[in-house]
Amino acid sequence: MSSRANKKPVHSESQEAGRQDKPGFAARKVAADILGNVVHKKRPLDGELDAGSGHSGFRSLAGNDRSLVRAIVGAALRHRGEISEILDRLLDRPIPEKTGRVLDILHVAIAQMLFLDVPDRAAVSLAVDHAGLDRRARPYKGLVNGVLRRLGRERDDITADLDSDILNTPDWLWESWKDGYGLETAGAIARAHRVEAALDLSIKSDPEAWADKLGGRIVGKGSVRLARKGAVDALEGFSEGAWWVQDVAAALPARLLGDVRGLKVADLCAAPGGKSAQLAAAGANVTSVDISKGRLKRLEENMSRLGLNVTTVASDIRTFEPEAPFDAVLLDAPCSATGTIRRHPDVAWIKKPYDIEKLSEIQKDLLDRVLSWVKPGGLIVYCTCSLETAEGEDQANAFLERQAGEIERVPVQAEEIGGLDHCVTEDGYLRCLPCHAAGSGAEDVGMDGFFAARFRRS
Ligand SMILES: C[S@@+](CC[C@H](N)C(=O)[O-])C[C@H]1O[C@@H](n2cnc3c(N)ncnc32)[C@H](O)[C@@H]1O
């Protein structure tokens, strides 16, 4: 046997096994892995965290560890810009590429040290163990240890004067929000993104009674906001189908169709069905169209839990032909979803300006296409969960210009949306921002960013 073969590996298998068995190690490892998949491979966080089809390591964790992973990755994404700046301050030179998970391990550790209730000692030691177990990160184990310990000792100096609003917002989004809403509002949006969103419910009937039962508050136009967190399906009324989860802002566009009782309404891009449920609960005959069979299946499951009936059509709106025109049409067009960053902090780091360009083209085509699907005199509501005016105000204005003589704008009135006059623009569009209040109480601040425009076919 050669002397080389006799040499013991630096990390024996039993040492490695010991580290991997340490309480909390698996959750940190999975968190760093998922963070890497999101920011480098642009995989949506929801997909990684899916209990059925998500990251295999995540799926094999127990419930508490899954919650910990969600919290760590959420904090690491919400504060990504600050954490990167802190690393710049701590490192003499950038970490070279191809060093395995080093950067993700550091981000995960700093998220715990600065933004979660995790003792520094635990965060540092688990990060060092993780670096030691990753073949390419192993040479940086000492650096991980040194950098994190220094942060622990000098945290006040190292974290001084961080401009969190700008740092945690990718440049192109910051510019877009500054152009669209002004500097002050761009800052307020960025601050809103650092706060986790409340749980909002849409109620099938009698929201006041359900607000009382669940200990919530009425916000917006009859939504119920709950402060408490936890498993949604354990709440009263879930299994009997009394309500569904829907952000207060997402519940407003369907309201703009007014009294839909007995009307034939097309809900286009309908899955998973929040707006279809609202329309069906309000007495409309709803046709829900969506391109994704998988998402439509979820819509059908949701409707069945809620005891609501809709007709589903799996089709691309660019090729679908309705048999007869509808009384009203709701188009919740595919968009960048930058209005949902509070709930989906990955969106800020996954989406790029190119996505907005591409999606704006699709939105334009869909709008032009569905115009003839509504009877003359019927209403069309166009909406997106985007903060980008290119997918909202600009898109609606361009539609009006292209279809001059064919459509007119029907301005939104504050009374239709629970008196939220700060969510109505001068042009009569609905414009909700994450920093907007959904009611009069301090706990009512915050909603998804949403845009909606209402038109009538001439
Ligand atoms: C913002 S989500 C819709 C949310 C839904 N309206 C709700 O309230 O629950 C956008 C949906 O558009 C669908 N979609 C995207 N492009 C489409 C197309 N060309 N035709 C039909 N559906 C499309 C996606 O599958 C996705 O379900």
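The values are calculated or read from the model by the stated rules, or taken from the named source; none is laboratory data. Bear in mind the structure is a predicted one, so any value in this text is a computation, not a measurement. Positions of Cβ are backbone-derived with ideal geometry, glycine not excepted, and every protein chain shown enters the neighbour counts. All accessible areas refer to the heavy atoms of the entire protein, side chains included, with ligands and DNA or RNA removed. Shrake-Rupley method; radii C 1.70, N 1.55, O 1.52, S 1.80 Å.
Computed values, structure above
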quantity	calculated
Test set (1) of a type outside the set (Ser, Thr, Tyr); (2) within 25 Å of SER440 (Cα to Cα); (3) more than 16 Å from the ligand (Cβ to nearest atom); (4) in contact with a Leu (Cβ under 9 Å, 6 or more places away or on another chain) - LEU201 fails condition number	(3)
Pairs, first in contact (Cβ under 8 Å) with a residue 60 or more places away in the chain and β-branched (Val, Ile, Thr) in the range 386-408, second assigned to a helix (DSSP H, G or I) and surrounded by 16 or more Cβ atoms within 10 Å (Cβ to Cβ), C-beta under 6 Å, six or more apart	THR389/GLY180
Residue tally, condition touching a residue at least 40 places away in the same chain (Cβ under 8 Å), surrounded by fewer than 24 Cβ atoms within 10 Å (Cβ to Cβ), near the ligand (Cβ under 9 Å from one of its atoms) and farther than 23 Å from ALA437 by Cα, over the range 244-298	1
Qualifying residue in the range 102-112 (condition: open to solvent by 10 Å² or more (accessible area, probe 1.4 Å) and modelled with pLDDT under 95)	no
Single residue of the range 211-241 satisfying the filter (in contact (Cβ under 8 Å) with a residue 60 or more places away in the chain and among the aliphatic types (A, V, I, L, M)) that is surrounded by the fewest Cβ atoms within 10 Å (Cβ to Cβ)	ALA227
Residues (part of a loop (DSSP other than H, G, I, E, B) and without any contact (Cβ under 8 Å) to a residue 24 or more places away in the chain) located in the range 437-458	SER440
Residues of the range 309-320 that turn out to be of a type outside the set (S, T, N, Q) and away from the ligand (no atom under 13 Å from the Cβ), as a count	0
Residue count for the range 1-57, restricted to those that are farther than 26 Å from LYS98 by Cα, modelled with pLDDT under 55 and not in a helix (DSSP H, G or I)	3
Pairs, first under 22 Å from ASP365 (Cβ atoms) and outside any loop (DSSP other than H, G, I, E, B) in the range 310-331, second acidic (Asp, Glu) and within 12 Å of the ligand (Cβ to nearest atom), C-beta under 9 Å, six or more apart	VAL313/ASP290; ALA314/ASP290; VAL329/ASP267; LEU330/ASP267; LEU331/ASP267
Some residue of the range 121-129 being open to solvent by 30 Å² or more (accessible area, probe 1.4 Å), modelled with pLDDT of 95 or more and more than 19 Å from GLY74 (Cβ to Cβ)	yes
Sole residue being within 15 Å of the ligand (Cβ to nearest atom) and assigned to a loop (DSSP other than H, G, I, E, B), chosen from LEU359, LEU366, LEU387	LEU387
Check on ASP346, touching a residue at least 24 places away in the same chain (Cβ under 8 Å), surrounded by 16 or more Cβ atoms within 10 Å (Cβ to Cβ), more than 13 Å from the ligand (Cβ to nearest atom) and within 17 Å of the chain's Cα centre (by Cα)	yes
Test: residue in the range 160-169 that is touching a Leu at 6+ places or on another chain (Cβ under 9 Å), open to solvent by less than 70 Å² (accessible area, probe 1.4 Å) and among the hydrophobic types (A, V, I, L, M, F, W, C)	no
Scan of the range 299-309 for residues that are open to solvent by 80 Å² or more (accessible area, probe 1.4 Å) and either over 13 Å from ALA280 (Cα atoms) or outside any loop (DSSP other than H, G, I, E, B) (or both), ordered by number	GLU300, GLU301, SER304
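Rundown of residues vs (1) open to solvent by 10 Å² or more (accessible area, probe 1.4 Å); (2) within 30 Å of ASP355 (Cβ to Cβ); (3) within 28 Å of the chain's Cα centre (by Cα), yes/no style:
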{"site": "THR389", "(1), (2), (3)": "yes, yes, yes"}
{"site": "GLU401", "(1), (2), (3)": "yes, yes, no"}
{"site": "ILE407", "(1), (2), (3)": "yes, yes, no"}
{"site": "VAL424", "(1), (2), (3)": "yes, yes, yes"}
{"site": "ASP427", "(1), (2), (3)": "yes, yes, yes"}
{"site": "LEU430", "(1), (2), (3)": "no, yes, yes"}
{"site": "MET447", "(1), (2), (3)": "no, yes, yes"}
{"site": "ALA452", "(1), (2), (3)": "no, yes, yes"}
{"site": "ARG456", "(1), (2), (3)": "yes, no, no"}
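This table checks each residue for (1) part of a strand (DSSP E or B); (2) modelled with pLDDT of 95 or more; (3) closer than 20 Å to CYS423 by Cβ.
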{"position": "SER202", "(1), (2), (3)": "yes, yes, yes"}
{"position": "ASP212", "(1), (2), (3)": "no, yes, no"}
{"position": "ARG225", "(1), (2), (3)": "yes, yes, yes"}
{"position": "PRO253", "(1), (2), (3)": "no, yes, yes"}
{"position": "VAL260", "(1), (2), (3)": "no, yes, no"}
